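Quick notes on the structure that follows.
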Amino acid sequence: MANTQMGVASAISCLKGRDFLSSSDLSSHQTFALLELASQLKSGQRRIDLGNRVLGLIFTKASTRTRVSFQVAMTRLGGQTVDLNPQVTQLGRGEPLQDTARVLSRFCDVMAVRTFAQKELEDYAYWATIPVINALTDLEHPCQALADFLTMQEEFGSLEGQTLSYIGDGNNVAHSLMICGALLKVNVRVATPKGFEPSVDVLNKSRSIAGNSSKIEVLNDPLEAVNGAQAVYTDVWASMGQEQEQESREMIFRDFCLTKDLFEMADSKAIVLHCLPAHRGEEITSELLEGDSSRVFDQAENRLHAQQALLAALLGGL
Ligand code: CP
Ligand code: NVA
């Protein structure tokens, strides 16, 4: 056990003070080590007390899992969180981001930001003097991907060579799954309607990280994507900020619903994943979400353990 703990510490000690804006901010070695630390924290094999450190949460979009898992993770690490939503701070009245980021850096030890543009998150990271974490942007959801692959690892023991299929919109969640999957040597197949494919930059980046270790594929056929996969994943058709497209997307995505028939194409031991919140009867049937193969609530719980490991690493608590 001591050796594993030293291995984890040496792999992630260099993350102290760093930002986590994209899944690609971690190396393959560091991603595996963070999952190991998360699983040690979850089992109680490892406890970390960071002393009274403070996490600032700046969320311009709604959140249940990300917000609460960060709050609980920080409490378990002996610290606390402060809610800095634009509605209750001067940000909402137009105070510039560059001033806000510098002021908050004097009060907090780390910041988690949920917003629309990745560029805005990058601006926070540029001006802040403390680590900044991506708590979801339109481009990526890297904290989610850590919890997702932790859930797969718990199920299958080893991740290498496993296949995760993602059915739906090729946006934030899909992007982080592609990059993080590549880092963890998992094959990732993303199936989207035409015109909703993942960004070409993210695809190229994921493939370059994966090298010969795994395959990152983009398809337009859900059956082909799910065939033989160990995990089948979906997300809402209209993300936050796209509410006005809900109706048109229901038409465009209607063949991309995760149903029992589609899931039967997967490996016989396959699991169902969804980042939640879910729209039953749209991207996934209630039967599958509530069925024996569903791991969505373990996956949601794993947000806590993965983010506790991440915070410990960025705050240098190892
Ligand atoms: N999966 C996820 O990020 O959930 P929240 O939007 O509730 O944080
Ligand atoms: N793609 C979804 C994920 C929610 C966790 C959204 O951006 O709204």
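Considering each residue of region 121-135, count those that are within 13 Å of ligand 1 (Cβ to nearest atom) and either open to solvent by 10 Å² or more (accessible area, probe 1.4 Å) or among the aliphatic types (A, V, I, L, M) (or both), and give that number.
Of the residues in region 121-135, 2 are within 13 Å of ligand 1 (Cβ to nearest atom) and either open to solvent by 10 Å² or more (accessible area, probe 1.4 Å) or among the aliphatic types (A, V, I, L, M) (or both).
Which one of these is open to solvent by 50 Å² or more (accessible area, probe 1.4 Å), among the hydroxyl-bearing types (Ser, Thr, Tyr) and free of Cβ contacts under 8 Å to residues at least 40 places away in the same chain: SER158, SER206? Full working, then the answer.
Working: SER206 fails: open to solvent by 50 Å² or more (accessible area, probe 1.4 Å).
The unique qualifying residue is SER158.
Go over the candidates LEU34, LEU41 one by one and state the one that is away from ligand 2 (no atom under 16 Å from the Cβ), more than 26 Å from VAL202 (Cβ to Cβ) and either touching a residue at least 24 places away in the same chain (Cβ under 8 Å) or part of a helix (DSSP H, G or I) (or both). Working first, answer last.
Working: LEU34 fails: more than 26 Å from VAL202 (Cβ to Cβ).
Only one candidate passes the filter, namely LEU41.
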ask   = Can you name the number of the only condition in (1) surrounded by fewer than 16 Cβ atoms within 10 Å (Cβ to Cβ); (2) more than 16 Å from ligand 1 (Cβ to nearest atom) that GLY241 fails?
value = (2)
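State all residues of region 209-236 that are farther than 30 Å from GLY281 by Cα and open to solvent by less than 20 Å² (accessible area, probe 1.4 Å); if no residue qualifies, say none.
Filtering region 209-236 for residues farther than 30 Å from GLY281 by Cα gives 209-215.
Within region 209-236, ALA210, SER214 qualify.
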request  = Show the residue pairs that are 6+ apart or on different chains and have beta-carbon atoms under 7 Å apart, the first residue being within region 288-305 and within 14 Å of ligand 2 (Cβ to nearest atom), the second being not in a helix (DSSP H, G or I).
outcome  = VAL296/VAL272; VAL296/LEU273; VAL296/HIS274; VAL296/LEU276; GLN299/LEU273; ALA300/LEU276
message = I'd like to know if region 272-281 contains one or more residues that are open to solvent by 30 Å² or more (accessible area, probe 1.4 Å), out of contact with any helix residue (DSSP H, G or I) (no Cβ under 9 Å at 6 or more places or on another chain) and within 16 Å of ligand 1 (Cβ to nearest atom).
response = yes
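Yes or no, residue by residue, for (1) of a type in the set (A, V, I, L, M); (2) exposed (fewer than 13 other Cβ atoms within 10 Å of the Cβ):
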position: THR4; (1), (2): no, no
position: SER24; (1), (2): no, no
position: LEU37; (1), (2): yes, no
position: ARG47; (1), (2): no, yes
position: ARG65; (1), (2): no, no
query = Pick from region 98-132 the residues that are within 24 Å of the chain's Cα centre (by Cα) and among the basic types (Lys, Arg): which of them is nearest to ASP83 (Cα to Cα)?
reply = ARG114
request  = Go through the residues of region 75-91 one by one and say whether even a single one is within 16 Å of ligand 1 (Cβ to nearest atom) and open to solvent by 70 Å² or more (accessible area, probe 1.4 Å).
outcome  = yes
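Is it the case that ALA174 is surrounded by 24 or more Cβ atoms within 10 Å (Cβ to Cβ), modelled with pLDDT of 95 or more and within 16 Å of ligand 1 (Cβ to nearest atom)? Even if it seems obvious, please write down each step before you answer.
Values: surrounded by 24 or more Cβ atoms within 10 Å (Cβ to Cβ): yes; modelled with pLDDT of 95 or more: yes; within 16 Å of ligand 1 (Cβ to nearest atom): yes.
In short, yes.
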ask   = From ASP148, ASP138, which residue is within 16 Å of ligand 2 (Cβ to nearest atom), of a type outside the set (S, T, N, Q) and open to solvent by 50 Å² or more (accessible area, probe 1.4 Å)?
value = ASP138
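Which of the residues spanning region 6-22 are open to solvent by 60 Å² or more (accessible area, probe 1.4 Å) and without any contact (Cβ under 8 Å) to a residue 60 or more places away in the chain? Walk me through how you get there before you give the answer.
Here is the first cut: in region 6-22, the ones open to solvent by 60 Å² or more (accessible area, probe 1.4 Å) are 6, 10, 13-14, 16, 18.
Selection gives MET6, SER10, CYS14.
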remark   = If we take region 199-267, then helices (runs of 4 or more DSSP H) inside it with 1 or more residues that are over 15 Å from ALA182 (Cα atoms) and within 15 Å of ligand 2 (Cβ to nearest atom) are 246-252
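Applying the selection to region 152-179, what residues are more than 15 Å from ligand 2 (Cβ to nearest atom), assigned to a helix (DSSP H, G or I) and within 16 Å of the chain's Cα centre (by Cα)? Please lay out each step first, then the result.
The first filter runs over region 152-179 and keeps only residues more than 15 Å from ligand 2 (Cβ to nearest atom), leaving 152-165, 179.
Restricting the remaining residues to those that are assigned to a helix (DSSP H, G or I) gives 152-156, 179.
Selection gives MET152, GLN153, ILE179.
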request  = List every residue pair whose Cβ atoms sit under 8 Å apart, with the two residues 6 or more apart in sequence or on different chains, where the first one lies in region 214-236 and is free of Cβ contacts under 8 Å to residues at least 40 places away in the same chain and the second, anywhere, is hydrophobic (A, V, I, L, M, F, W, C) and within 16 Å of ligand 1 (Cβ to nearest atom).
outcome  = none
Scope region 244-256; condition buried (at least 19 other Cβ atoms within 10 Å of the Cβ) and hydrophobic (A, V, I, L, M, F, W, C); matching residues = PHE253, PHE256
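The values are calculated or read from the model by the stated rules, or taken from the named source; none is laboratory data. This one's a predicted model, so the numbers in the text were calculated from it and none came from an experiment. Ideal geometry is used to build each Cβ from the backbone, glycine not excepted, and the neighbour counts take in all protein chains shown. Side chains included, ligands, DNA and RNA excluded: accessible areas come from the protein's heavy atoms. Shrake-Rupley method; radii C 1.70, N 1.55, O 1.52, S 1.80 Å.
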